[in-house]
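> Please find one structure pasted underneath; my questions will follow.
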Amino acid sequence: MTSMKKTLFAAIAVALMASIATPTFAGKGDIAYRQAVMKAVGGHWGAMKTILKGQGGDKKDFAGHAHALNELARVSLHAFPKGSSQKDGKTRALDAIWEKPADFKKVADAFIAETAKLAEMAKAGDMEGAAKQIGMTGKNACGACHKPFRAKKK
């Protein structure tokens, strides 16, 4: 066999092995990624609430947290691929996400829209408006998603 044929054969073998192995790990990897994204969401959410309550942090950093939250809202659109449900690994994501994709997209879009408003208020220095907007984001985005699309903690 020529060197070129050996290289081509090796490349094909690697590609075949990767295509066989990927589905086995994709679900768990996607779930781990989603959980990391949502943990980051919770981190920024908690930091903003701490700043607003005057319990710590610097008000100058609030806008950065709000901006990051909006970026994570955008990222979250891609954090629920097929093959990352409870059948695929340990997750609280309910099958309704994939069974009712239009409903799920609606709340995901609300998450983006509500956090965009929050980021704009924070950028403008409107802390009073931002405090109210956090409540609206919790109601119209977070709560609107968690209730129908996330299993309760056991």
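> Just to check your reading of the model, which residue among Gly64, Gly29, Gly56 is surrounded by fewer than 20 Cβ atoms within 10 Å (Cβ to Cβ) and on the phi > 0 side of the Ramachandran plot? I'd like the intermediate steps shown before the answer.
Details: Gly64 fails: on the phi > 0 side of the Ramachandran plot; Gly29 fails: on the phi > 0 side of the Ramachandran plot.
Selected residue: Gly56, the only one of Gly64, Gly29, Gly56 that is surrounded by fewer than 20 Cβ atoms within 10 Å (Cβ to Cβ) and on the phi > 0 side of the Ramachandran plot.
> Restricting to segment 59-91, count the residues that are outside any helix (DSSP H, G or I) and farther than 15 Å from Phe149 by Cβ.
At the first step, the residues of segment 59-91 found to be outside any helix (DSSP H, G or I) are 77-91.
From the residues that got through so far, the ones that are farther than 15 Å from Phe149 by Cβ too are 78, 83, 87-90.
Residues in segment 59-91 being outside any helix (DSSP H, G or I) and farther than 15 Å from Phe149 by Cβ: 6 in total.
> Can you find, within segment 120-151, the residue that is surrounded by the most Cβ atoms within 10 Å (Cβ to Cβ) among those that are in contact (Cβ under 8 Å) with a residue 24 or more places away in the chain and among the charged types (D, E, K, R)?
Arg150
> Hey, another quick one. Restricting to segment 59-110, count the residues that are over 25 Å from Ala47 (Cα atoms) and of a type in the set (Lys, Arg).
Residues flagged as over 25 Å from Ala47 (Cα atoms) and of a type in the set (Lys, Arg) within segment 59-110 amount to 6.
> What tally of residues in segment 120-154 results from selecting those that are in a helix (DSSP H, G or I), under 20 Å from Lys60 (Cβ atoms) and of a type in the set (Gly, Ala, Ser)?
Qualifying residue count for the region: 4.
> Out of segment 94-111, which residues are touching a residue at least 40 places away in the same chain (Cβ under 8 Å), of a type in the set (A, V, I, L, M) and closer than 14 Å to Leu77 by Cβ?
Ile97, Val107
Yes/no matrix, rows are residues, columns are (1) among the aliphatic types (A, V, I, L, M); (2) surrounded by 13 or more Cβ atoms within 10 Å (Cβ to Cβ); (3) part of a helix (DSSP H, G or I); (4) at pLDDT 95 or above:
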| residue | (1), (2), (3), (4) |
| --- | --- |
| Ala102 | yes, no, yes, yes |
| Ala108 | yes, yes, yes, yes |
| Ile112 | yes, yes, yes, yes |
| Thr115 | no, yes, yes, yes |
| Leu118 | yes, yes, yes, yes |
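The values are calculated or read from the model by the stated rules, or taken from the named source; none is laboratory data. Note that this is a predicted model, so its numbers are computed, not measured. Here the Cβ is made from the backbone with ideal geometry for all residues, glycine too, and neighbour counts use every protein chain on show.
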